[in-house]
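Take this structure first; my questions come after.
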Amino acid sequence: MLFSYRTLFKPISRLSLQISSSCRPKPQLNRPKILRGVATMASNTAIVSADKITIDEFNQLLSQYPALIKDVSSTKGAKPGQKTLEALDEYRYNDALDMFSPGKDTRPMKLDDIKTLVEWKLRHGKFRPTLMKLVSSNDADTAEDIVKQAIDAYKEDAGIDAALNVLTKLKGIGPATASLLLAVHDATRVIFFADEAFWWLCCDGKQSPIKYNAKEYRSLCSAANDLHERLDVAASDVERVAYVLMKAPASLKSSDHVVPPKEAKKNRAPSSTKRKPDTRVEKADDATHEVPALRRSKRVKA
């Protein structure tokens, strides 16, 4: 029997190719699941939202804070004669609360105390090279008197706004640092205006730009108060849980919430790239009539 050339090499139509390819099993993609009440970060680590977190989850995250700070502290190191972040953190969350919290044998806050808290803030979060110099330029007696006025204003009706307006009269003290000085006087109710706390409580875990004004701080206080009432947790503990949630994926060496080293490097947030030191002024919200010095001066305040 003779076969023609066309019979042996019959052209394959496009339709037959489509039918053939459609019969092939499609590869299964491992797409990330979106969990209810959870925001996913660039590091592929799930962050439970503040309105969904349980007390057990909260306490579990809080228990990770000491190890995280120790790790961050050892990574940052310290210059000769300089305190480590771990030592400063002990002062911030233990020594300072023992000295200034209500109901304890408190003493007036002095300029050296303010400088130590500012040093903790700079090592714990963003570093602003000119901030400490400005804070150190305050007169010691004036600084002590201003803090006393602020605490008296706060105690009258637990008025955070009134206290912050007084504290921001100090050189180099903007709303964020003022909230820190007030927070050590009432760690249960007053939250420090930290980036991590604001991102978690007000931005669903997204690292959105922060203006550091009074309006944003009010939003943070409201969200922190909601969590305080729901779980009966202190504001100082909320700060630390937020720090773990926002920092642990990139910092912890061994934890259930760790991103593998290669993944952490690949998915590192853009903010970790080298850039000029941030010397922006923490501007007060004009609508809130913050201390006039904040609007007149171009001094760095944080």
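At what distance in nm do the modelled label points of Ser208 and Lys126 sit from each other, each positioned 7 Å from its Cα along Cα→Cβ?
Inter-label distance under the simple model: 1.6 nm.
Next question, about the same structure. What length, rounded to one decimal in nm, is gained on full extension from Glu57 through to Ala87, with 0.36 nm per residue of separation minus their alpha-carbon distance?
In short, 8.1 nm is gained.
Viscosity 0.692 mPa s, temperature 37 °C: what is the translational diffusion coefficient of the range 54-154 from Stokes-Einstein with a Kirkwood Rh over Cα pairs, rounded to a whole number of µm²/s?
On the way: Rh = 15.5 Å.
Rounded, D is 212 µm²/s.
Divide the volume of the convex hull of the Cα atoms of the range 102-171 by its number of residues and quote the answer in cubic angstrom per residue.
Taking only Cα atoms, the range 102-171 has a hull volume of 102 Å³ per residue.
Could you give the length gained by full extension between Asp161 and Lys133, i.e. 0.36 nm per residue of separation minus their alpha carbon distance, to one decimal place? All intermediate terms of the calculation are to be shown ahead of the outcome.
Values: separation 28, 0.36 × 28 = 10.08 nm, distance 2.58 nm.
Additional length available on full extension: 7.5 nm.
Per residue, how big is the convex hull around the C-alpha atoms of the range 167-255? Give it to me in cubic angstrom, could you? Let's see the in-between values first.
Values: hull volume 9.8 nm³, N = 89.
Hull volume over Cα atoms, normalised by residue count, gives 110 Å³.
Of Tyr93, Tyr243, Tyr212, how do they rank once you tally other Cβ atoms within 10 Å and put the fewest first?
Details: Tyr93 19, Tyr243 25, Tyr212 22.
Lowest to highest Cβ neighbour count: Tyr93, Tyr212, Tyr243.
Throughout, read-outs are computed from the coordinates displayed, never taken from laboratory work. The model shown is predicted, which means the values in this text are computed figures rather than measured ones. Using ideal geometry, Cβ is built from the backbone for each residue, glycine included, and neighbour counts are taken over all protein chains shown.
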